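Since every read-out is calculated from the coordinates, none of them should be taken as a lab result. Only a predicted model underlies this, so the values are computations on that prediction, with no experimental measurement involved. Note: ideal-geometry Cβ built from the backbone for every residue, glycine included; neighbour counts use all protein chains shown.
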Amino acid sequence: MTEFTLLGADPFSILTIVVAPAVLTNASSVLALGTNNRLARVADRSHAVTAQLAKLDPSSRYYEISKAELPALEMRAQLLLQALRCFYLGLGLFASSALISIAGSIAVYYGGRSRFEIAAGIGVVCGVSAVTSLVCGCVLMIRETQLAVRGLAYDAKSHSG
């Protein structure tokens, strides 16, 4: 029982428990913002390609080049949307983990050992789930970036010759 009392008596242990999820929440927010911007750029590019297709003759070479770009843009948009969902899920889970950590610290202060253990378990599950969600979102972003680079290379190759 004294180990729980000591944990609650040390303000730095409480601060560490709360700050770690808060920092990761901030990281998730930044990733979500960047992903949102990328999704908007893909949507803009899709609109531009669609508008370009409307102006081109369907039998021209540039029509086929532009039309071939649309499936890749759609795939990129889907990957970005999935990544965004992962980042938002991670964001919510990190925020939950921080609140649960605070509740656990309050339980320790008032001597609620069983409540502390429950809060600690739930906090760890939320934290691990949040990190997993963040990693999954990052993997999706890597896949989308690979598609974007391939699209740039294809675009440069098709317009150069």
Checklist outcome for this item: Relative to the chain, whose Cα atoms define the longest principal axis, helix 11-55 and its Cα axis are tilted in degrees, nearest 10, by 10
Next on the checklist: How big is the dipole moment of the stretch 2-160 about its Cα centre under a simple scheme where the beta carbon of each Lys and Arg is +1, that of each Asp and Glu is -1, and everything else is neutral? Debye, nearest 20, please.
Outcome noted: 380
Item to check | Rg ratio (alpha-carbon, reference 2.2 N^0.38 Å) - the stretch 115-161 | outcome: 2.14
Item to check | FRET efficiency, Lys67 to Arg41 (Cβ-Cβ, R0 22 Å, nearest 0.05) | outcome: 0.65
Checklist entry - Which of Leu31, Ala98, Thr16 sits closest to the plus end of the dipole of the stretch 2-160, meaning its Cα is farthest towards the positive end, when Lys and Arg get +1 and Asp and Glu get -1 on the C-beta? => result Leu31
Next on the checklist: For the stretch 22-161, place one equal point scatterer on every Cα, skip the solvent, and apply the Debye formula. What is log10 of I(q)/I(0) at q = 0.10, 0.11 Å⁻¹?
Outcome noted: -0.49, -0.55
Checklist entry - Quick one: net charge of Lys157's neighbours, Cβ under 15 Å, K/R +1, D/E -1? => result -1
Checklist entry - If you take the Cα atoms of the stretch 65-141, find Rg, then find the Kirkwood Rh from the mean of 1/r over all pairs, what is Rg/Rh? => result 1.32
Checklist entry - For the chain, what is the mean residue ellipticity at 222 nm derived from helices alone (per DSSP H run of n ≥ 4: -39500 (n - 2.57); sum divided by total residues; nearest 500 deg cm²/dmol)? => result -34500 deg cm²/dmol
